[in-house]
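Here is the structure we will look at, set down as structure tokens.
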Amino acid sequence: QAADGDIYYPDYSRLVLVIPAQVCTIGGYSIVGKKTFSTNDGPADMSYAVVGALYASHLYTVGHELGHSFGNGGHANAFHNCREKIDWHHCDHEEYGDRYDLMGAYGSKYHFNAAHKEHLGWFKPENITTVEASGRFTLAPIETPSADRQTLKIPRGQHDFLFAEYRQPVGFDAIWPGQENIYSGALLHTLEYADDPSASALIDAAPEDNFVLTVPVGSSF
């Protein structure tokens, strides 16, 4: 309302409010997707996020909340020490446990993983192959737009999939030294809940090593 006289809101699709530190001490929050707001200029279809001023210069905080605004209702979590099956009931669950995703661990500035990118509609049809038979597949890096395959989507059950992606030190995926192991193989994700495509879980593919979560080249999973 304070800005309504200065801004023609129907021109915008994303709204982020920065709240003074003495008023708001949280990092931020956001609605999921867009809703219609009433303004002096008529209805405006926008997403809406709030960021505390202490965190307004942090890409992680602003980008994370925008991730919710884009439509990611859930976070990028992780499954560790899976027993018998890979699901909520047979793995140790870690909230925000995906350290390689903006929707995951605090401070991460990495790209959204394949499950989140697909949910947001950021892939073209040629970027995803749904695997229904054994075969040999080549993946292009997930970071840049491509006409090649970037993700394998392997059905595990109804509305339940295993996603395989390949990362390289490109753009924002190159900013964290010491994490080079993610470039040496495939990262695997599944949906945290089979019926919720907006929340993912990184699968710990090498549970004997706390610092290697990829499936290394030449190995099996």
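The values are calculated or read from the model by the stated rules, or taken from the named source; none is laboratory data. A quick note: this is a predicted structure, and the numbers were derived from the prediction, not measured. Cβ: placed from backbone, ideal geometry, glycine included. Neighbour counts: every protein chain shown. Keep in mind that these areas ignore ligands, DNA and RNA; they rest on the heavy atoms of the full protein, side chains included. Shrake-Rupley method; radii C 1.70, N 1.55, O 1.52, S 1.80 Å.
List of remarks:
- Linear extension gain, PHE172 paired with SER13, 0.36 nm per residue minus alpha-carbon span: 54.8 nm
- Put ARG14, ARG136, ARG83 in order of accessible area, highest first, and with a 1.4 Å probe you get ARG136, ARG83, ARG14.
- Of all DSSP beta bridges in region 1-111, antiparallel share, percent nearest 5: 65
- In this calculation the C-beta distance from HIS93 to VAL32 is compared with R0 = 25 Å, giving a FRET efficiency of 0.75.
- GNM result for the chain, Cα springs below 10 Å: residue of ALA76, ALA206, ALA147 fluctuating most strongly: ALA147
- For region 121-128, the Karplus equation 6.51 cos²θ - 1.76 cosθ + 1.60, evaluated at θ = phi - 60°, returns couplings of x, 7, 8, 8, x, 6, 7, 10 Hz by residue, with Gly and Pro reported as x.
- Loop sites by DSSP among the GluC sites (Glu not before Pro) of the chain, restricted to those with at most 14 other Cβ atoms within 10 angstrom, leave 1-83 as the longest stretch without any of them.
- For the chain, the relative contact order is 15 percent, taking Cα pairs closer than 8 Å that sit 6 or more residues apart in sequence and dividing their mean separation by the residue count.
- Counted charge near LEU66, where neighbours are those whose Cβ lies closer than 13 Å (Asp, Glu -1; Lys, Arg +1): +2
- Restricting the calculation to Cα atoms, region 136-203 yields a radius of gyration followed by a Dmax of 13.1, 38 Å.
- Inter-label distance, nm, simple model (7 Å from Cα along the C-beta direction), SER134/ARG83: 3.1
- Beta bridge orientation in the chain: antiparallel %, DSSP, nearest 5: 70
- Flagged links, alpha-carbon separation over 24 Å, of LYS124/LYS153; LYS34/LYS124; LYS34/LYS85: LYS34/LYS85
- What a 1.4 Å probe finds exposed on the chain is 54% carbon and sulfur by accessible area, rounded to a whole percent.
- All aspartates and glutamates inside 13 Å of LYS117 as judged from Cα atoms, apart from same-chain residues fewer than 8 positions distant: ASP101, GLU143, GLU165
- The length gained on full extension between ARG156 and TYR183, counted as 0.36 nm times the residue separation minus their Cα-Cα distance, comes to 7.2 nm.
- GNM flexibility winner over the chain from PRO141, PRO125, PRO43 (Cα, springs under 10 Å): PRO43
- Of the whole protein surface, PHE137 contributes about 70 Å² of accessible area at a 1.4 Å probe radius.
- Distance from the alpha carbon centroid of region 55-82 to that of region 85-155 works out to 14 angstrom.
- With the simple spin-label model, which puts each label point 7 Å out from Cα in the Cβ direction, the ALA2 to GLN22 separation comes to 1.3 nm.
- The residues of region 1-151 expose, per residue, 54 Å² of accessible area to a 1.4 Å probe.
- Test item: Cα-centred dipole of the chain, Lys/Arg +1 and Asp/Glu -1 on Cβ, debye: 280
- Karplus-derived 3J(HN,Hα), 6.51/-1.76/1.60, for each residue of region 34-39, Hz, glycine and proline x: 10, 9, 9, 9, 8, 10
- Per residue Cα convex hull volume in Å³ - calculated over the chain: 151
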